[in-house]
Amino acid sequence: MSEPVLYGLDAMRTCFELVLHGAEPALLSAAAAEALEEIRAAEAQLSIFRADSWLTRLNLDAASGEAVRVPAPLHALLRVCAAVHAASEGAFDPCTGPLLDAQQLREQPGIWSEAARPGGRFSEIELLPESRVRFRRPGMQLDLGGIGKGWALDRAAELLREAGVPSALLHGGSSTVLSFGPSFAFAGRPAHRQGWQIGIEPHAGVLLQDAALSVSASRPNSRRPRGHVIDPQQGQPLRSTATAAVIAPSATLADAWSTALLVQSGTPFSWKSLL
């Protein structure tokens, strides 16, 4: 049996890594190349910093309130957003991007419509048949940064499974982690029959197998007293130090729910399992 192999890629302003095992090196290499290309594609499709992305085109075309047809994968992702938005009572809301930029909470602003206005809730977006989307409030805009890494990891993992990779650990910037198949010894850590032991510093770790884990955190400090996560109800960034961790069947759900839980909990550390 071959040794585990590590592959990496910089995308979505972070580092993605794939650790693959259980097949011949040639198969692992080919599968990794395809999976990494899928992550690149996800970035190109969801980036608010690229004028040609699916999401930027939607924001520009739908800002007037007209219904816009979008690619089917984006429409499916927006349906997941709608489900988490409703289940979290609005704590997860991908319409807060313009608020981040209005308050200068990130180095590079997104590409928004000239009609963009901070505010608006995801509940004001209509997901129509035939992959169409309508913004009921003119000027509202979408930013899928709170779910995009998880979506990219799920798409990459699906390709790895289809290629015959039996066991893998994937992460996007260490904040969202996905595993499938049995764990294996890697980087000095022994295999564990119940899954991968993933640390949530400074808190205890969890065992992860055939599931995903996402951690969101707010870390205000003296230089930057406001966090980078917006409370949609208040329209203001979180000001308290907090960490939220969620384990879920998919990285997409884990990513979205960790953001929602961070906003909802109001405690230094909160935990949720969707398994």
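The values are calculated or read from the model by the stated rules, or taken from the named source; none is laboratory data. Nothing here was measured: the structure is a model prediction, and the numbers come from that model. Positions of Cβ are generated from backbone atoms using ideal geometry, with glycine treated the same way; all protein chains shown enter the neighbour counts.
Here is how the numbers come out for the structure above:
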| read-out | value |
| --- | --- |
| Unmet requirement for residue 133, which otherwise passes all of (1) of a type outside the set (Lys, Arg); (2) surrounded by 14 or more Cβ atoms within 10 Å (Cβ to Cβ); (3) modelled with pLDDT of 95 or more; (4) part of a loop (DSSP other than H, G, I, E, B) | (4) |
| Condition check for residue 63: in contact with a Pro (Cβ under 8 Å, 6 or more places away or on another chain), closer than 23 Å to residue 114 by Cα and not assigned by TED's automatic domain parsing to the domain that holds residue 167 | yes |
| Qualifying residue in segment 135-150 (condition: within 30 Å of residue 3 (Cβ to Cβ) and in contact with a strand residue (DSSP E or B) (Cβ under 6 Å, 6 or more places away or on another chain)) | yes |
| Pick from segment 42-71, criterion loosely packed, with under 15 Cβ neighbours inside 10 Å and aliphatic (A, V, I, L, M), ranking: nearest to the chain's Cα centre (by Cα) | 44 |
| Residue list for segment 18-32, restricted to those being in contact with a strand residue (DSSP E or B) (Cβ under 8 Å, 6 or more places away or on another chain) and either at positive phi or surrounded by fewer than 17 Cβ atoms within 10 Å (Cβ to Cβ) (or both) | 22, 25, 29 |
| Residues being of a type outside the set (D, E, K, R), under 26 Å from residue 74 (Cα atoms), in contact (Cβ under 8 Å) with a residue 40 or more places away in the chain and touching a strand residue (DSSP E or B) at 6+ places or on another chain (Cβ under 7 Å) - total across segment 240-271 | 11 |
| Hits in segment 121-136 - residues which are free of Cβ contacts under 8 Å to residues at least 60 places away in the same chain, over 21 Å from the mean Cα position of the chain (by Cα) and over 11 Å from residue 93 (Cβ atoms) | 126, 129 |
| Residues (under 15 Å from residue 110 (Cβ atoms), not acidic (Asp, Glu) and not in a helix (DSSP H, G or I)) located in segment 45-83 | 47, 48, 49, 50, 51, 53, 63 |
| Output for segment 161-174, where each listed residue is crowded, with 18+ Cβ neighbours inside 10 Å and part of a loop (DSSP other than H, G, I, E, B) | 165 |
| Residue 146 vs. criteria of a type outside the set (Lys, Arg), assigned to a loop (DSSP other than H, G, I, E, B) and closer than 30 Å to residue 116 by Cα | yes |
| Number of positions in segment 1-40 that are over 14 Å from residue 170 (Cβ atoms), touching a helix residue (DSSP H, G or I) at 6+ places or on another chain (Cβ under 6 Å) and not small (Gly, Ala, Ser) | 0 |
